[in-house]
Amino acid sequence: MRLRLLRRRLTISAPSMAVRSALPWPFRWAVVAIVFGFCAAIGLWAFEFGKDIAGLEGGSREQVLQLQAQVQALQSELSKTQEQRDQAQSIANTADTLVTAEKASKEQLLLQVKQTEAENRRLRDDLGFFEKLIPSTGTGSVAIRGLQAELQGGSAVRWQVLVIQANRNALEFSGTLDITFVGLQNGKPWSSALPGGPQAITLKQYGRLEGVFELPPQVVLKSVSAKVLQGNVPKSTQTIKL
């Protein structure tokens with residue numbers, strides 16, 4: 001039954017049927033070609049119109065090359081700017097390091113100054129204490145209060161002399177200090193003074209002189225003598241034995 005109904009619809013005996021004239025195939029292909037050509041013309045026109053809008057017509061290649069050159073120049077300037085920034089940063093870091101080192105040095109110097117001031121105060125206190133021990137009355141004569149001598153390696157002797165005036169209000173004394181070294185050289189008596197002769201000494205309350213004397217070979221030092229003179233007049237003498 002269904003097959004009959006289907007045959008009736010597909011044949012002339014179908015209830016509704018349209019009759020159309022057939023178009024030859026060459027004309028159909030010609031119409032398709034015209035349509036494609038029209039579409040291609042529209043696309044070409046759109047492309048040309050886009051080029052006109054973008055400004056790439058007439059010397060666009062030269063403009064692109066110029067833009068590329070400008071971009072390269074800007075990149076080069078940017079690289080130089082970055083290098084200068086790095087150098088400036090390095091200089092800033094170095095400056096910070098120098099400032100830090102300067103601050104540390106300043107703090108160290110301040111500490112040394114404080115230590116020096118404390119040492120000066122201590123020395124002033126010691127000086128005031130020793131000045132109190134000096135009698136307030138007297139003749140103001142010069143006296144040797146301390147003579148020390150110490151052998152160093154058997155070839156030199158280090159000497160030190162303390163000279164004071166036993167008067168708190170004594171006048172300034174100017175004279176000379178003569179040091180004499182006595183001993184044996186190859187079993188024979190030997191003596192010698194300072195190479196430069198007597199040393200000048202000037203003091204008001206006290207003065208201290210010191211030095212190192214090189215012993216000749218084969219000398220055995222026995223004693224050291226110190227003598228304070230004013231002109232040719234001896235004022236004080238002291239001898240120590242080693």
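We did not get these values from a lab; they are worked out from the coordinates using the rules stated. Nothing here was measured: the structure is a model prediction, and the numbers come from that model. Positions of Cβ are backbone-derived with ideal geometry, glycine not excepted, and every protein chain shown enters the neighbour counts.
What the table below lists for this structure:
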quantity	calculated
Lys/Arg +1, Asp/Glu -1 at C-beta; the range 142-241 dipole; positive extreme among L221, L162, G211	L162
³J(HN,Hα), Karplus 6.51/-1.76/1.60, whole Hz, each residue of the range 169-185, x for Gly, Pro	10, 6, 6, 5, 9, 10, x, 9, 10, 10, 10, 10, 10, 10, x, 10, 10
Cross-link table K188/K227; K204/K227; K80/K106, entries beyond 28 Å C-alpha to C-alpha	K80/K106
Amide H within-cut-off set for K222, under 5 Å, with H built and near neighbours excluded	V182, G183, L184
Amide H within-cut-off set for L194, under 5 Å, with H built and near neighbours excluded	I179
For the range 142-241, size of Cβ-based charge dipole, Lys and Arg +1, Asp and Glu -1, in debye	280
Under Karplus coefficients 6.51, -1.76 and 1.60, residue-wise ³J(HN,Hα) of the range 76-83 in Hz, glycine/proline x	4, 4, 5, 5, 4, 4, 5, 4
Whole-Hz ³J(HN,Hα) from phi, Karplus 6.51 cos²θ - 1.76 cosθ + 1.60, for the range 36-46, glycine and proline x	5, x, 5, 5, 5, 5, 5, x, 4, 5, 5
F173 long-range amide H proximity, modeled H, under 5 Å	L203, K204
Theoretical gain in end-to-end length, A41 to Q87 [0.36 nm per residue, Cα-Cα removed]	10.5 nm
Prolate/oblate/rounded call for the range 142-241, Cα gyration tensor, a/c under 1.5 rounded	prolate
